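As structure tokens, the structure follows; a few thoughts come after it.
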């Protein structure tokens, strides 16, 4: 029996967000969630799409990285030059920072954690996300909660969709 051990190098995120694109550009992608799942899931083992008014992020676990990126480039079209691609631990760290509110337009805002949770739950409930991204997202959500309860990051922030 051959047991394949997942590689962290097969985790990636493609992000278009308020740091690298206009809010109008990011907002235009918000309606592309279903299209992203339909067009990209065939090239990934697992996928979660996080779409808010400040970010459009595609998290994936795939052994076909080049093919996945090629299809993501086609999906994002004219916004591809504004996208960032992070792999492995860089992708994991990015998700944790997003869940903690560190990548938000208003650092520490409170809405992003529920948006991360809802994005994962949608992917899980529709069989796009499995064990690996499930573990990653559950840990990120736990970290996001812990950051808010053990630091003062959210003090004074009433929330801003993130």
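Quick check on my filter: what residues within the stretch 55-106 are farther than 20 Å from residue 37 by Cβ, touching a strand residue (DSSP E or B) at 6+ places or on another chain (Cβ under 8 Å) and part of a loop (DSSP other than H, G, I, E, B)?
The answer is 88, 103.
Residues in the stretch 63-73: is at least one over 11 Å from the mean Cα position of the chain (by Cα), touching a residue at least 24 places away in the same chain (Cβ under 8 Å), closer than 30 Å to residue 151 by Cα and buried (at least 23 other Cβ atoms within 10 Å of the Cβ)?
The initial filter retains those residues of the stretch 63-73 that are over 11 Å from the mean Cα position of the chain (by Cα), namely 63-73.
Right, trim to touching a residue at least 24 places away in the same chain (Cβ under 8 Å) and you get 63, 65, 67-69, 71-72.
The next check asks that each one be closer than 30 Å to residue 151 by Cα; those that pass are none.
No: zero hits.
Quickly run through the stretch 2-59 and pick out the residues that are under 14 Å from residue 83 (Cα atoms) and loosely packed, with under 14 Cβ neighbours inside 10 Å.
The answer is 19, 22, 23.
Residue by residue through the stretch 88-101, note down the ones that are under 13 Å from residue 61 (Cα atoms) and buried (at least 16 other Cβ atoms within 10 Å of the Cβ). Please lay out each step first, then the result.
Keep residues of the stretch 88-101 that are under 13 Å from residue 61 (Cα atoms), which gives 88-89, 91-92.
Within the stretch 88-101, 91, 92 meet the criteria.
Starting from the stretch 87-99, keep only residues that are on the phi > 0 side of the Ramachandran plot and modelled with pLDDT of 95 or more, then list their pairs with residues that are in a helix (DSSP H, G or I) and surrounded by fewer than 19 Cβ atoms within 10 Å (Cβ to Cβ) whose Cβ atoms are within a distance under 7 Å, requiring at least 6 positions of separation or different chains.
88/8; 88/9
Scan the stretch 113-121 and tell me whether some residue there is surrounded by 20 or more Cβ atoms within 10 Å (Cβ to Cβ), farther than 13 Å from residue 54 by Cα, modelled with pLDDT of 90 or more and touching a strand residue (DSSP E or B) at 6+ places or on another chain (Cβ under 6 Å).
Looking for residues that are surrounded by 20 or more Cβ atoms within 10 Å (Cβ to Cβ), farther than 13 Å from residue 54 by Cα, modelled with pLDDT of 90 or more and touching a strand residue (DSSP E or B) at 6+ places or on another chain (Cβ under 6 Å), one finds at least one in the stretch 113-121, hence yes.
The values are calculated or read from the model by the stated rules, or taken from the named source; none is laboratory data. What you see is a predicted model, and the numbers here were worked out from it, not measured in a lab. Quick reminder, even Gly has a Cβ in these numbers, built from the backbone with ideal geometry, and neighbours come from all protein chains shown.
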